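Report on the following structure.
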Amino acid sequence: MKKFSLLILLLALSAVLAACNTTIEEQRDKTLEEVEAVFNADPERANEEGQDLEFHIPYFSEVAEEADHNIVIEKSNETYVLFHHLNEEAGQDAIYTMTEASSEEWLVNETFEANDQFGYVLLRQIDEEEYELVTGVNHVKVTTVTDLQNIADNAEWMMETARSAQWK
């Protein structure tokens, strides 16, 4: 009877672990769906203020540091960089163009346009367990390094933050 109980426990544990597993394809699809939905939605109300702009960050996150054109955000022991540079002469896609050109290895490279807004999401694998994730709208981008399981969740709030940015 003990062996049977142990077998049932092992099967249940295996099922739970398998359910927690995700693939890059699943994360890619979920990321694109969520980022595009956020991009097309009304922007979140700003709850933080930097030197040049106001923006929304999720609860349980904080601005750790600010310098010219960069705001470092910390959330759940992860670091994110909000880069902003208003250069209307260069066009709304200037930051995207420079970022996209920095690598030929993007697993995700999608752009969105609506209501005079230009948005994008970029994803590339850095090593076996880490991915660089970039979301942006017009002259603002948010970047982080994350693991596979957190790509879609991070992309969603990062796009919310980029989408919410308003120049002072």
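Here the dipole of region 22-167 is about 200 debye; that uses its Cα centre as origin and unit charges on the Cβ of Lys and Arg (positive) and Asp and Glu (negative). Nearest 10 degrees is fine. How inclined is helix 24-40 to the longest principal axis of the chain, computing both from alpha carbons? Tilt of helix 24-40: around 40 degrees. Computing FRET efficiency as 1/(1 + (r/R0)^6) for D52 and N87, where r is the C-beta to C-beta distance and R0 is 22 Å, gives about 0.95. Potential lengthening of the chain between E33 and S76 amounts to 13.1 nm, from the contour at 0.36 nm per residue minus the alpha-carbon distance. With the charge dipole of region 22-167 set up from +1 on Lys and Arg Cβ and -1 on Asp and Glu Cβ about the Cα centre, the Cα lying farthest toward the positive end among the listed residues G91, T31, A152 is that of G91. For K30, a cut-off of 12 angstrom between C-alpha atoms picks up these aspartates and glutamates, skipping any fewer than 8 places away in its own chain: D153, E156.
If the Kirkwood radius is taken over C-alpha pairs of region 22-167, then at 25 °C and 0.890 mPa s the Stokes-Einstein diffusion coefficient equals 162 µm²/s.
Only the coordinates and a few stated rules stand behind these numbers; no lab work does. Since the model is a prediction, treat every value here as computed from it, not as a measurement. Heads up, the Cβs are rebuilt from the backbone with ideal geometry, glycines too, and the neighbour counts pull from every protein chain shown.
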